[in-house]
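Student: Mind looking over this structure? Questions follow.
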Amino acid sequence: MIGIIGAMDVEVNDIVSALQNKEIIKKGICTYFKGTIFSKEVVILKSGIGKVASAVGASLMIELFHPNLIINTGIAGGVAPLKTKDIVLSQYLTYGDVDATIFGYEIGQVPQMPHMYEASKKYLAQVEEILKKNNYSYQLGTTVTSDSFITTIENVKSKKYENMICEMEGASIAQACYILNTPFISVRYISDIIDSDSQVDNYMEFEGQMANRSCKIILDLISDLKI
């Protein structure tokens, strides 16, 4: 089974619409949509925005459905030289608002947890092959997750990484998957560029468009992934 998690309706609606034999399972305020796409079992969650909502949603998904893989999808802010409409596959995910360095941890590292959560090498390799097959250009990068909409890189405690994206759910989903021993990957479309004068305008303009494109990518991945 493939688990799909996006924070907002616009990030998952097109995927939910593609489900066959759809079932709706509710747990607290989490609503899971289970069914098949291209004859593969899929479960989809709109987690809500932020680290707690996404971590709880991912943990419940693992407990209830035991997915072989969780894919975090949606939109994100990018750091130049990334551009709007870029696709970023995150090899590593960390936090941008965690600082326990006084105890010897690295910036972004939750105590007693890894500094970086590494995406599944097995499935990341498959995703790269599928994207190339479908003529998508993409970047490998690093996700930095914070409980804030980042408008300036100065608001991120973590250092700047190559092809860095900032959002509000990825590392918390990755941490839940790490704790519960479930493979994960993150596939995000860039809706806005942090520190640019037009960031908020670009976000408002591209939010729906990039989220819909992100759904299209996920459907292509579901079609070809070997689970």
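Student: Only counting other Cβ atoms within 10 Å, I'd like His66, His115 sorted with the fewest neighbours first.
Tutor: Result, fewest neighbours first: His66, His115.
Student: Tell me, what are the semi-axes, in whole angstrom and largest first, of the equivalent ellipsoid of the chain as set by the roots of 5 times the Cα gyration tensor eigenvalues?
Tutor: So the three semi-axes of the chain are 26, 20, 16 Å.
Student: With just the Cα atoms defining each centre, how far is the stretch 167-227 from the stretch 47-95? Give it in Å.
Tutor: What the calculation gives is 6 Å, centre to centre.
Student: Write out the trypsin sites (Lys or Arg not before Pro) in the stretch 1-107 meeting two conditions: DSSP loop, and at most 15 other Cβ atoms within 10 Å of their Cβ.
Tutor: Hits after loop and neighbour filter: Lys83, Lys85.
Student: Give me the angle, in degrees from 0 to 90, between the Cα long axis of helix 51-65 and the longest principal axis of the Cα atoms of the chain, rounded to the nearest 10.
Tutor: Tilt of helix 51-65: around 30 degrees.
Student: Is it possible to state the helix-based mean residue ellipticity at 222 nm for the chain, with each DSSP H run of 4+ residues giving -39500 (n - 2.57), the sum divided by total residues, to the nearest 500 deg cm²/dmol? What is it?
Tutor: My calculation for the chain gives -10500 deg cm²/dmol from helical runs alone.
Student: Taking the beta-carbon count within 10 Å as an exposure proxy, list Ser186, Ser214, Ser196 from fewest neighbours to most.
Tutor: Fewest-to-most Cβ neighbours within 10 Å comes out as Ser196, Ser214, Ser186.
Student: Moving to a separate point now. Against the longest principal axis of the chain, how steep is helix 199-224, in degrees 0 to 90 to the nearest 10, with axes from Cα atoms?
Tutor: That works out to roughly 40 degrees.
Student: Which residues' amide hydrogens lie under 5 Å from the amide hydrogen of Gly96, considering only partners 5 or more residues apart or on another chain, with H built in the peptide plane?
Tutor: Under 5 Å from the amide H of Gly96 lie the amide H atoms of Thr145, Ser146, each far enough along the sequence or on another chain.
Student: Cross-link partners among lysines for Lys132, C-alpha distance below 23 Å, same-chain residues fewer than 8 apart left out?
Tutor: Straight-distance partners of Lys132: Lys40, Lys83, Lys85, Lys121, Lys122, Lys216, Lys226.
Every number in this text was worked out from the coordinates using simple rules, so none of it is lab data. Just so it is clear, the structure is predicted and the values come from calculations on it, not from any experiment. Here the Cβ is made from the backbone with ideal geometry for all residues, glycine too, and neighbour counts use every protein chain on show.
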